[in-house]
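Report on one structure; see the data block that follows.
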Amino acid sequence: MATKTRKPQLTKQPTSAALCLIPNCRRPAKLRGLCAACLQAFYRSVRSGELTEAQAIEQRLVLPKSKAGRKRSPWSKAAARIEGSTR
Ligand SMILES: [Zn+2]
């Protein structure tokens, strides 16, 4: 049977633009680059002292707070567009 499992092309889909940063997790990112489940696990790890938030950011397991907070503002959208076109 011919399966239609081709990888989706990079079309403009705002809702599915960002996936969870965790490699084995393919859920859409909700906050700071993580899905809800990974975000909870991340907070749990930080609280239990497994790692610090700074370490997680350094390892790119989570996005810095400032970026995530501005993600929805019109300015950051415009700025992101500029960044993408100049690279
Ligand atoms: Zn996840």
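Please treat every number below as a calculation from the coordinates, not as lab data. Just so you know, these numbers come straight off a predicted model, no measurement behind them. Cβ coordinates were reconstructed from backbone atoms using ideal geometry, including for glycine residues, and neighbour counts include every protein chain displayed.
Stretching the chain fully between Glu83 and Arg44 yields a gain of 10.7 nm (0.36 nm per residue, less the alpha carbon separation). Extending 7 Å from Cα along the Cβ direction at Arg27 and again at Glu53 yields two label points whose distance is 2.1 nm. Using only the C-alpha atoms, the convex hull of the range 18-86 corresponds to 97 Å³ per residue.
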